[in-house]
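The values are calculated or read from the model by the stated rules, or taken from the named source; none is laboratory data. All of these numbers come straight from a predicted model, not from anything done at the bench. With ideal geometry, Cβ positions are generated from the backbone for all residues, glycine too; neighbour counts draw on all protein chains shown. These area figures cover heavy atoms from the full protein model, side chains too; ligands, DNA and RNA do not enter into them. Shrake-Rupley method; radii C 1.70, N 1.55, O 1.52, S 1.80 Å.
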Amino acid sequence: MSLKLGDTAPDFTAKTQFGDIAFHDWAGDNWVYFFSHPADFTPVCTTEMGRTAQLAKEFAKRGVKPLGLSVDSPEEHVEWIKDVNETQHTQLEFPILADEDRKVSELYGMIHPGESETASVRSVFIIDPNKKIRLMMTYPMSVGRNFDEILRVIDSLQTADKYGIATGADWKPGDAVIVPPSVSTEDARKKFDNVEVVKPYLRYTNL
Ligand code: BEZ
């Protein structure tokens, strides 16, 4: 099965370094940043795990729980996390799935045989409190992810949900937002103070 935006994120139970979790119950009413990486004790992954831990307050501020995954064991996670904390000057406190039988990796399409037959690639799933998949990104093994972009996407999705707007290229919080095509200019003017019509299909407003 190949997952698509808007699908319900498949539920599962799996081991982590803190014990077993049932995914939907663990997620509760939060957003989830679910991300896979190829293997413990590897350099790019070490920086990504460290960055996720360093950004704990930024994720919490947005109501987002991080959840990692690799195909290594809980015992290996525990040992490797010591290295992550030491080298990245942080305290990693979020769970990392120990997907040794690749059950969850297969369920979420995280194994890309062109990259590796056995290890998961760098997948990202942003999942909303209704358990819907709102964003999917796939990075190759050699490229560490950009965490500014991950937070930016979460900000954009949450702003869009709250105000019924869209966001343009390189948008960041505080920038003008876009009135989506489904909203008439008349309705947009009732809803927002300033609506700038650049073209009938290109309309900006400030929140
Ligand atoms: C890494 O995380 O450093 C890595 C893992 C697999 C292939 C290349 C890099």
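The value given for the stretch 164-205 is a Kirkwood hydrodynamic radius of 10.4 Å, derived from the mean inverse Cα-Cα separation.
Percent of accessible area on the stretch 13-145 owned by carbon and sulfur, 1.4 Å probe?
Numbers: 3000 of 5860 Å².
The computed percentage sits at 51.
Can you grab the distance from the C-alpha centre of the stretch 82-109 to the C-alpha centre of the stretch 1-54, Å, no decimals? Spelled out, the Cα-based centre of one part sits 8 Å from the other. Pairs of lysines in the chain whose Cα atoms sit within less than 18 Å of one another amount to 14, provided the residues are eight or more positions apart or on different chains.
Ratio of Rg to Rh for the stretch 91-146: 0.98 [Cα atoms; Kirkwood radius as inverse mean 1/r over pairs]. Remark: the chain carries 51 Å² of accessible area per residue (probe radius 1.4 Å; ligands, DNA and RNA excluded).
Among 136-146, 86-96, sorting by the average number of other beta carbon atoms lying within 10 angstrom of each residue, highest first, gives 86-96, 136-146. Only helices enter this figure: runs of n ≥ 4 DSSP H residues, each worth -39500 (n - 2.57), summed and divided by the residues of the chain, yield -9500 deg cm²/dmol at 222 nm to the nearest 500. Distances between placed amide hydrogens fall under 5 Å for LYS132 paired with ALA9, all partners being 5 or more residues away or on another chain. Amide hydrogen proximity for LYS65: with H placed 1.01 Å from N in the peptide plane, the residues at 5 or more positions away or on another chain lying under 5 Å are TRP31, VAL32, TYR33. Averaging the Cα positions of each part gives two centres, and for the stretch 127-168 and the stretch 189-203 these lie 25 Å apart. On the beta carbon distance between ASN194 and ALA166, with R0 = 22 Å, the FRET formula returns roughly 0.85. Projected onto their three principal axes, the Cα atoms of the stretch 13-145 cover extents of 33, 32, 27 Å, largest first. With the simple model of a label 7 Å out from the Cα in the direction of the Cβ, HIS89 to ALA176 spans 4.0 nm. Amide H contacts for MET141 (H built 1.01 Å from N in the peptide plane; partners 5 or more residues away or on another chain; cut-off under 5 Å): ARG122. Comparing ALA14, ALA56, ALA22 in a Gaussian network model of the chain, where Cα atoms under 10 Å apart are tied by springs, the biggest mean-square fluctuation is seen for ALA22.
Using a Gaussian network model of the chain in which every pair of alpha carbons under 10 angstrom is joined by a spring, one finds that among GLU149, GLU115, GLU186 the greatest mean-square fluctuation is at GLU186. Rg/Rh for the stretch 98-191 stands at 1.11; both radii use Cα atoms, and Rh follows the Kirkwood definition.
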